[in-house]
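The values are calculated or read from the model by the stated rules, or taken from the named source; none is laboratory data. What you are looking at is a predicted structure, and each value in this text was computed from that prediction instead of being measured. Here the Cβ is made from the backbone with ideal geometry for all residues, glycine too, and neighbour counts use every protein chain on show.
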């Protein structure tokens, strides 16, 4: 299992003034809004790129817009105050009588690409909104929602989706465009990020998307660019590590994962990917030392716990596997994978009836999912068994497969 980070939720409504993020939640970048955003809205970003030893002329700045796009925005917006301009612009972008943008999680486009295709994920939408609003003289900011995470499988990749939006104001009094497609969006997790950080996230996203498309060399190049733009962005190092690992650059992948743990010690994806890499190289002892770091309260990735449960079954620690599977299901109750894993565990415990119940639950989500199909096959081989095996042994984390743990609902 390899873990990628991406920012891909979509926006549909305006939120109220929000509080700053609590300390310790995410790295808040130094934010410098342009004084005259309509004159040269990206001057500060270009200067910071030069300071990083990068040539702005060789990097596509995703928030840049064309004269035609600016003209369209001026035709749509008649308001005078920054708050009203932001609200009118948002309506023009999403309403049926306006641009009518459509959400897609598959591609992080530039502002120009979004305007042409009328499709965007959250970061691409924000590129367009920030570019247009700054052209109208409003110094909008990129805003990161650090408490929003969604998980999905893309073949053997686990994609972690975060959320980015646009904001107006200061850290103390911040008006934010709230994207309604993200369940559990809350004010406590909001923090402005710099244009430089947003640019790095763009290329980290592109690395993940290129990786999913199978373009490994381009994925590596995009990931390397992201880490050069903002070396302190842990997600960029993680995505670069995955791209290098897929491309066969194992030493470079390890370097990237370890750098991610250095700049962002709380990035559990970095530890998970590093652990997988160490196991593939046969360094089992080193890999197991990372295991305890992954099994902690702050880890909200259900796929990590599925893998931990699988490994517990391989080593015949059935009850321990059950604990991991229950945790995975609690974090991802609507995933076919977590439901099927619960069913597989009950089958291991001899509770066939409960296993069949969990199979039906998994099939109601996705009958074609791998774990679901494997559970269905195993249960079909035991057709006719409807009475669960006795489970009168006490619960213990040291039960092995030849022992019977007490099944839990």
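Restrict the check to region 323-335 and report whether at least one residue is modelled with pLDDT under 85, in contact with a strand residue (DSSP E or B) (Cβ under 6 Å, 6 or more places away or on another chain) and surrounded by fewer than 24 Cβ atoms within 10 Å (Cβ to Cβ).
no
Would you check if there is a residue in region 68-86 being buried (at least 19 other Cβ atoms within 10 Å of the Cβ) and touching a strand residue (DSSP E or B) at 6+ places or on another chain (Cβ under 6 Å)?
Checking region 68-86: at least one residue is buried (at least 19 other Cβ atoms within 10 Å of the Cβ) and touching a strand residue (DSSP E or B) at 6+ places or on another chain (Cβ under 6 Å).
In this structure, is residue 81 modelled with pLDDT of 90 or more and more than 29 Å from the chain's Cα centre (by Cα)?
Yes.
For the subset of region 256-299 comprising residues that are part of a loop (DSSP other than H, G, I, E, B) and under 21 Å from residue 204 (Cα atoms), which member is modelled with the highest pLDDT?
264
For region 239-255, enumerate the residues that are farther than 14 Å from residue 208 by Cα and in a helix (DSSP H, G or I).
250, 251, 252, 253, 254, 255
Could you please let me know if residue 275 is under 18 Å from residue 308 (Cβ atoms), free of Cβ contacts under 8 Å to residues at least 12 places away in the same chain and surrounded by fewer than 24 Cβ atoms within 10 Å (Cβ to Cβ)?
So residue 275 does not fit the description; no.
Let me confirm something: among 270, 247, 260, which residue is crowded, with 21+ Cβ neighbours inside 10 Å, in contact (Cβ under 8 Å) with a residue 12 or more places away in the chain and more than 15 Å from the chain's Cα centre (by Cα)?
The match here is 260.
Restricting attention to region 29-42, which residues are modelled with pLDDT of 50 or more, over 14 Å from residue 197 (Cα atoms) and surrounded by 14 or more Cβ atoms within 10 Å (Cβ to Cβ)?
41 - this is the single residue of region 29-42 that is modelled with pLDDT of 50 or more, over 14 Å from residue 197 (Cα atoms) and surrounded by 14 or more Cβ atoms within 10 Å (Cβ to Cβ).
Confirm whether residue 219 is buried (at least 17 other Cβ atoms within 10 Å of the Cβ), modelled with pLDDT of 90 or more and part of a helix (DSSP H, G or I).
The answer is yes for residue 219.
For residue 231, which of the numbered conditions (1) over 26 Å from residue 142 (Cα atoms); (2) surrounded by fewer than 24 Cβ atoms within 10 Å (Cβ to Cβ) fails to hold?
Among (1) over 26 Å from residue 142 (Cα atoms); (2) surrounded by fewer than 24 Cβ atoms within 10 Å (Cβ to Cβ), the lone unmet condition for residue 231 is (1).
Could you list, in sequence order, the residues of region 97-136 that are touching a strand residue (DSSP E or B) at 6+ places or on another chain (Cβ under 6 Å), assigned to a helix (DSSP H, G or I) and farther than 23 Å from residue 213 by Cα?
Hits for region 97-136 are 126, 129, 130.
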